[in-house]
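Have a look at the structure below, then the notes.
The values are calculated or read from the model by the stated rules, or taken from the named source; none is laboratory data. Keep in mind the model is a prediction, meaning the values are calculated, not measured. Don't worry about glycine lacking a Cβ; one is built from the backbone with ideal geometry, like all the others, and counts go over all protein chains shown.
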């Protein structure tokens with residue numbers, strides 16, 4: 001089966017930068033995959049998305065999206081692509097949600113019968129059928145995201161590219177969006193590329209995870225393998241000075257008066273016991289973040 005996205009040796013260098021925003025990126029996305037692009041702010045995620053969309057040209061390398069270079073897309077190609085960029089709304093703020101959806105119907109020339117069928121189906125799936133006639137300005141963040149996705153799905157794209165789609169949502173809102181994406185991929189065999197900096201969001205949502213740092217791909221693993229990597233580590237924060245560091249423990253950074261340590265999971269109790277023998281006021285344990293995993297493997 002031909003990949004829906006294929007990237008080979010992709011590089012992007014801006015004139016205003018000394019280094020590369022994206023360097024020697026290689027990966028592919030198969031039909032039906034949900035692929036997460038994970039990395040801290042400034043890792044190159046947004047630049048990568050812009051090149052996948054044809055908004056900017058690469059300095060070197062090759063990109064194929066749905067069998068074509070994105071910069072050569074015609075309107076018929078763009079109609080197969082659904083895009084959500086966090087913070088850049090497609091909705092008309094002071095009008096009802098349905099008016100924005102109808103605008104997308106007009107732009108993408110969706111026939112009336114198809115529009116009616118898709119509106120009923122996706123409004124129910126997204127649980128936004130109860131506020132189609134409400135003004136966008138009155139909606140919560142989670143409701144607006146569902147309305148944004150309805151505008152995209154109404155014209156039935158085969159590839160979704162979503163930049164931080166769950167940013168700002170609470171735990172329940174994120175869970176509902178994850179469930180919805182899984183159902184969409186199962187029902188329509190959609191392919192989805194999602195960028196985020198939220199480790200726990202991406203591990204529950206994606207079948208495959210690309211981690212990027214300083215413009216380079218540093219990890220390309222299944223979600224199962226990524227879960228295994230997370231389980232092997234924990235983080236301890238304490239104001240106690242661990243000097244020398246116990247074997248296997250890595251100092252990450254100073255945070256709110258505490259030192260952040262990345263600890264192998266099997267050593268967590270041993271290290272906590274060592275801290276408790278020292279003068280300390282704070283000691284807590286938490287799950288690793290993106291930056292912690294990057295530190296463990298690539299710093």
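Worth pointing out:
- All helices (runs of 4 or more DSSP H) inside region 19-115 with 2 or more residues being surrounded by 18 or more Cβ atoms within 10 Å (Cβ to Cβ) and either touching a strand residue (DSSP E or B) at 6+ places or on another chain (Cβ under 6 Å) or modelled with pLDDT of 95 or more (or both): 45-53, 97-107
- Residues being over 17 Å from residue 190 (Cβ atoms) and either touching a helix residue (DSSP H, G or I) at 6+ places or on another chain (Cβ under 6 Å) or free of Cβ contacts under 8 Å to residues at least 24 places away in the same chain (or both) - total across region 137-165: 5
- Only one of the numbered conditions (1) in a loop (DSSP other than H, G, I, E, B); (2) buried (at least 16 other Cβ atoms within 10 Å of the Cβ) is not met by residue 243, and that is (2).
- Failed condition for residue 266, given (1) at pLDDT 90 or above; (2) surrounded by fewer than 18 Cβ atoms within 10 Å (Cβ to Cβ); (3) within 27 Å of the chain's Cα centre (by Cα); (4) not assigned by TED's automatic domain parsing to the domain that holds residue 23: (3)
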